[in-house]
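Beneath this line is the structure, given in structure tokens, with notes to follow.
The values are calculated or read from the model by the stated rules, or taken from the named source; none is laboratory data. Because the structure is predicted, anything quoted here is derived from the model rather than measured. Cβ coordinates were reconstructed from backbone atoms using ideal geometry, including for glycine residues, and neighbour counts include every protein chain displayed.
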Amino acid sequence: MSMPPNSDDRSLPGDASRLLTLKRGELTPQQVRRISSAALAYLGDAVYELYVRQFYLFPPQRTRAYHQCVVAQVRAERQAQHLQEIEPYLTEEEKDAIRRGRNATVKSPKRLDPVVYQQATGLETLVGYLYLCDPQRLLELFDRISLDPHPSQGSSASDS
């Protein structure tokens, strides 16, 4: 894979679809509905973080800086904001996946408002659901999420 011509250019050749649509059989929505909401959220959390990590690969930076950028975006509070950004574009089927995820959460971390935690879990469930049954639609929704190109990076950016 070649480097983008401009080091500030965050687009990768072939965009994220190359990363997210690895060779595998897509499942039908009916098959995915048989998977527990917790399992979909578990998968969605990993896919979402992978997408965010890929976003911050360019321009090249130290490992600690990568980590700080990603952590700022995958926090439950930020995920809840991302869900609000895409809500106007969701289908009823996608809204149902989010509801399943929100309703599956029973206990949130003490530091979080339970509503924020439910929204974040709903987003993760949607991501897991779409990753399995409609990866192209997932990419369309990822394109609507506003990731901060320059989140605050703390004090020092040394390699971890």
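Looking only at residues that are under 9 Å from Gly128 (Cβ atoms), of a type in the set (A, V, I, L, M) and under 11 Å from the mean Cα position of the chain (by Cα) in region 32-52, which one is surrounded by the most Cβ atoms within 10 Å (Cβ to Cβ)?
Only one residue fits best here, namely Ala41.
Collect the residues in region 97-114 that are more than 27 Å from Asp134 (Cβ to Cβ) and either modelled with pLDDT of 80 or more or within 17 Å of the chain's Cα centre (by Cα) (or both), keeping them in residue-number order. Before you say what the answer is, go through the steps one by one.
Initially, region 97-114 is screened for residues more than 27 Å from Asp134 (Cβ to Cβ), giving 106-114.
If the condition is that a residue be more than 27 Å from Asp134 (Cβ to Cβ) and either modelled with pLDDT of 80 or more or within 17 Å of the chain's Cα centre (by Cα) (or both), then Arg111, Leu112, Asp113, Pro114 are the ones that fit.
For region 135-144, check the following and say yes or no: at least one residue is closer than 14 Å to Ala38 by Cβ and of a type outside the set (Asp, Glu). First the steps, then the outcome.
Kept after step one, since they are closer than 14 Å to Ala38 by Cβ, are these residues of region 135-144: none.
No, region 135-144 contains no residue that is closer than 14 Å to Ala38 by Cβ and of a type outside the set (Asp, Glu).
Being out of contact with any Phe, Trp or Tyr (no Cβ under 6 Å at 6 or more places or on another chain), within 15 Å of Arg99 (Cα to Cα) and part of a helix (DSSP H, G or I) is the filter here, so list the residues in region 27-78 that pass it.
Hits for region 27-78 are Arg33, Ser37, Ala38, Ala39, Ala41, Gly44.
Looking at region 57-96, which of its residues are among the aromatic types (Phe, Trp, Tyr), over 15 Å from Leu130 (Cα atoms) and in contact (Cβ under 8 Å) with a residue 24 or more places away in the chain?
Hit for region 57-96 is Phe58, nothing else.
Can you find even one residue in region 134-152 that is out of contact with any helix residue (DSSP H, G or I) (no Cβ under 9 Å at 6 or more places or on another chain), aliphatic (A, V, I, L, M) and at pLDDT below 95?
The first filter runs over region 134-152 and keeps only residues out of contact with any helix residue (DSSP H, G or I) (no Cβ under 9 Å at 6 or more places or on another chain), leaving 143.
Going one step further and asking which of them are aliphatic (A, V, I, L, M), we end up with none.
Looking through region 134-152, none of the residues is out of contact with any helix residue (DSSP H, G or I) (no Cβ under 9 Å at 6 or more places or on another chain), aliphatic (A, V, I, L, M) and at pLDDT below 95.
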